[in-house]
Structure formats: structure tokens, C-alpha cells
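Coordinate-derived values only; no laboratory data. Because the structure is a prediction, the values reported are computed rather than measured. Every residue, glycine as well, gets a Cβ built from its backbone with ideal geometry; the counts of neighbours run over all protein chains shown.
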Amino acid sequence: MLATDFRIRLQRRPYAVVLPASLHKPGAHPQRLMEAIETGLGGVVRSKGYLWIATRPHHRGIWAQAGASLKIDPGGYWFAAVEKERWPDNPETREWIDGNWDEEVGDCRQEIVFIGVSMKRETIEKLLDDALMTKAEMDAGTEHWFTFDDPLPDWAV
């Protein structure tokens with residue numbers, strides 16, 4: 001697994017397994033993400049977090065899943081898409097931004113926590129890793145990303 005892939009740590013709880021995933025790059029390819037979702041994330045009961053989708057590079061996606069219901073809604077701009085002069089000036093927020101900053105992609109990332117029973121870490125990791133853009137797709141840049149098929153629900157932003 002590449003260092004840029006989903007990183008999942010397994011935590012055991014009495015009745016659930018929590019799989020937090022965090023990633024700075026690359027962004028999710030919308031068609032492959034939809035395929036991963038349709039394949040199913042076996043054993044996942046609840047998942048939530050943030051998502052970076054290639055065809056929506058400036059907006060943070062909010063991932064919220066419970067049972068068979070999954071919503072991916074817009075959640076505002078990534079700080080990487082906002083002029084630094086417009087960032088909040090309080091020290092706590094600036095410290096958070098600095099702690100989540102990557103020189104290539106800013107604060108854009110996937111950060112999703114999965115909760116469930118009998119989840120298979122490797123299977124979930126592979127499904128999600130395969131949904132990410134390749135290095136060639138990342139290198140092609142934003143204009144190329146807008147040419148990807150995007151079957152995800154439209155965001156009115």
C-alpha cells in the first residue's frame with residue numbers, strides 16, 4: 001500500500017470495530033467511488049467523515065452513512081481553495097490548518113471513520129484505495145478532473 005492510500009487503524013470495541021481512515025492525496029475518482037459504494041462495504045453499520053472528490057475539488061464532501069442510507073453532501077470549501085487572507089485568524093484554527101496541511105494538496109483529504117461488525121479491513125481498504133485517482137490522473141490537474149464521469153448526486157453550490 002502506498003503512503004498516500006487510505007490509512008486505516010483497527011480498534012476493537014466489545015460490539016463494534018472502528019476503522020478510521022485518513023488520507024491527504026489523491027482525491028477520489030467519482031466513478032470509481034460510486035463503484036466502491038455499489039460493491040458494498042461489508043459489515044459497515046455506520047460511517048462518517050470528510051471526502052475529497054476530484055470533480056468537486058474546491059468543496060469538502062460530508063460522508064454520512066447509517067445502515068443502507070448514504071449521503072454525500074457539500075460541506076463548504078477546503079482551506080486550500082480559499083485565499084489565505086480570508087482564513088480565520090484565531091490561533092486554534094490556524095494551528096488545526098497547519099496540522100492538516102500538505103504542500104501539494106493543502107487540507108484536501110479523505111477522513112472517514114467506519115463502525116461495524118465483522119468488517120474486513122483489507123477489503124474495505126482495497127475498495128477505497130481503488131476509488132482514488134491514479135498518479136497520472138492527479139498529475140493531469142483540475143481541468144482534466146472535470147472531464148471524469150460523475151454519477152454522484154449533484155451539489156447545488
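In table form, for the structure just shown:
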{"quantity": "Stretch gain in nm, segment Arg121-Glu104, where the contour uses 0.36 nm per residue and the Cα spacing is subtracted", "calculated": "3.3 nm"}
{"quantity": "Bins of 10 Å from zero: percent of alpha-carbon pairs in segment 72-131", "calculated": "16, 38, 27, 17, 2"}
{"quantity": "Spin-label model distance (nm) - Lys71 vs Lys84, 7 Å beyond Cα toward Cβ", "calculated": "3.6"}
